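Asker: One structure, as structure tokens, below. Some questions next.
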Amino acid sequence: MKIAKGISRILIGTLFIFSGIVKAIDPLGSAYKFHDYFHAFSLGFLDKLSLPLAILLCTAEFTGGLSVLTGIKQRTGIWLVFLLMLFFTPLTFILALTNPVSDCGCFGDAIKLTNWQTFIKNIILLPAVLTLFAGRKDVKTMYKPAIEWAIISGMAIVFVLFSISNLIFLPAIDFLPYKTGVKIADKMTIPEGAAPDVYKTTFIYEKNGMKKEFSLSDYPANDTSWKFVQQNSTIVKKGYQPPIHDFRISSNDGEDITRNILSDSGYTLLMISKKLAETSGRKLMDGFELGRACVSGGIDFYIITSSGSDELKKYENGLKFCSADETTLKTMMRANPGFILLRNGTIVGKWSWANVPKKNWFLEIVSKRN
């Protein structure tokens, strides 16, 4: 029993710490996942809680795992991981059955699991959690209760500050496809021999007022007594999907300028704001000022947003406003606004509004190129 407890403590502690950390690295990504689930279950009125819940969840996972692994307030940590498993195990079963969102988000974007994989993972971990919970009364304290509370509370506060830092300055580790050093066009390419999508095709034919469904192998192609009604195609198995598959930028008049941006041999700075109305005017004005300086210094500058035309009319300032899908922009940038510097279609720099370099820095890289 002692060996089982030791293995369970290491397994659960390590896994919960890892799960908490990868979520804290990208708290906005976790908030987007809460948003997706809220809307899938018609709970959109809870949207404003998405980010606080994302930070609360990763902090609870990290704190619970740390407590279990180190032995500091271990009994409290065991209760915490037990309650989390008690809540999420049946929930993941419901999600596996209904599949409202394809990726569960339990390990952020670091490791993607389907809802069934997540449920199976929880079932595998459940015996270890129950082993810890059954032996919780045998846990001995390491230090005085006040000292243990001080240590675990201090770690929780540091962890929350770490999450907020990643929220403001972009994730410390970028798990998304649009990371610095990536040549975007290469990530959009489907390699030769990659598995295509597999579809099941059926046909509806009618004869003597009765409709019947046929497959590709038995439909009455040469029987004129059957009248074709419709064809149905459903995807059976998803084929290879490139990491970047939805990157498309359109000008205000609807022209696709994606190729122009990716093939530009000079520097191009993209200011990304998924919704202009969702950020402060001050941040936008600072971005516009930077854009004007870049244009005057020979750097192309585009403002990419999913905001509608009515919203864009408020910002007619001579700069180039372009449109892209909101989900694409969320994947490209975890800040509003954020900035991506391209050269030859390769991402050479990526910043949030809080740490984007000053205009002189951009002008200097142009002068060095020349």
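All of the numbers you see were taken from the coordinates with simple rules; none came from a lab. The structure presented is a predicted model; accordingly, all values stated were derived computationally and were not measured. Here the Cβ is made from the backbone with ideal geometry for all residues, glycine too, and neighbour counts use every protein chain on show.
Asker: Please report the relative contact order for the chain, taking Cα pairs under 8 Å with a sequence separation of at least 6, and give it as a percent rounded to a whole number.
Answerer: Computed over the chain, the figure is 15 percent.
Asker: Now a separate question. Just flag the trypsin sites (Lys or Arg not before Pro) in segment 116-190 sitting in loop per DSSP whose Cβ has no more than 10 other Cβ atoms within 10 Å.
Answerer: Passing sites in segment 116-190 are K140.
Asker: If you take every DSSP beta bridge fully contained in the chain, what fraction is antiparallel? Give it as a percent rounded to 5. Please report the intermediate quantities before stating the final value.
Answerer: Numbers: 32 of 42 bridges.
If I count the DSSP bridges inside the chain, around 75 percent turn out antiparallel.
Asker: Can you pull out the GluC sites (Glu not before Pro) in segment 247-340 whose DSSP state is coil and whose Cβ has at most 13 other Cβ atoms within 10 Å?
Answerer: Answer in residue order: E255, E316.
Asker: Further question: Report, in order of residue number, the helices in the chain meeting two criteria: a C-alpha extent of 24 Å or more along the helix axis, and a mean Kyte-Doolittle hydropathy of at least 1.0; treat each whole DSSP H run as one helix. Spell out each step's value before the answer.
Answerer: Values: long enough: 2-25 (34 Å, 1.37); 50-70 (30 Å, 1.47); 74-98 (35 Å, 1.64); 115-134 (28 Å, 1.19); 145-169 (36 Å, 1.86).
Qualifying helices, which must be both long enough and hydrophobic enough, are 2-25, 50-70, 74-98, 115-134, 145-169.
Asker: While we're here: Would you mind putting 329-335, 58-64 in packing order, based on average other-beta-carbon counts within 10 Å, highest first?
Answerer: 58-64, 329-335
Asker: At q = 0.14, 0.15, 0.23, 0.29 Å⁻¹, what log₁₀ I(q)/I(0) does a Debye calculation on the Cα points of segment 13-83 give, no solvent, two decimals?
Answerer: -0.46, -0.52, -0.88, -1.09
Asker: Which peptide among 205-212, 18-25 comes first, and what is the full order, when sorted by highest mean count of other Cβ atoms within 10 Å? Write down the numbers at each step before the final one.
Answerer: Working: 205-212: 11.0, 18-25: 22.8.
Ranked from most to least packed, the peptides come out as 18-25, 205-212.
Asker: Still on this structure, I have one more. Say the dipole of the chain comes from +1 at the beta carbon of Lys and Arg and -1 at that of Asp and Glu; which of S163, A324, S306 then lies farthest toward its positive end?
Answerer: My answer, from the dipole projection, is S163.
Asker: Turning to a different aspect of this structure: Kirkwood Rh and Cα-based Rg: tell me the resulting Rg over Rh for segment 159-317, rounded to two decimals. Write out the running numbers ahead of the final one.
Answerer: Values: Rg = 24.9 Å, Rh = 21.1 Å.
Rg/Rh for segment 159-317 comes to 1.18.
Asker: Roughly how many Å is it from the Cα centre of segment 118-151 to that of segment 254-327, as a whole number?
Answerer: 50 Å
Asker: Return, for the Cα atoms of segment 42-155, the radius of gyration and Dmax in Å, separated by a comma.
Answerer: Here Rg and the maximum Cα pair distance are 16.0, 47 Å.
Asker: Antiparallel versus total DSSP beta bridges in segment 250-369: what percent is that, nearest 5?
Answerer: On the way: 15 of 25 bridges.
If we restrict to bridges inside segment 250-369, about 60 percent are antiparallel.
Asker: Further, regarding this structure: Would you count, across segment 250-369, every pair of lysines whose alpha carbons are under 17 angstrom apart, provided the pair is eight or more residues apart or spans two chains?
Answerer: Pairs that pass both the separation and distance tests number 20.
Asker: Counting other beta carbons within 10 Å of each Cβ, put T305, T201 in order, fewest first.
Answerer: Listing T305, T201 from fewest to most nearby Cβ atoms yields T201, T305.
Asker: Per DSSP H run of n ≥ 4, the term is -39500 (n - 2.57); total these for the chain, divide by its residue number, and report the mean residue ellipticity at 222 nm rounded to 500 deg cm²/dmol.
Answerer: My calculation for the chain gives -15500 deg cm²/dmol from helical runs alone.
Asker: If you take mean projected area of the Cα convex hull in nm² from the coordinates, which of [x] 35.9; [y] 27.6; [z] 21.6 do you get?
Answerer: [y]
Asker: Could you pull out the trypsin sites (Lys or Arg not before Pro) across segment 36-82 that fall in loop regions by DSSP (anything but H, G, I, E, B) with no more than 14 other Cβ atoms inside 10 Å? It would help to have the intermediate numbers written out before the result.
Answerer: Numbers: sites: K48, K73, R75; in loops: K73.
Here no loop site has a sparse enough neighbourhood.
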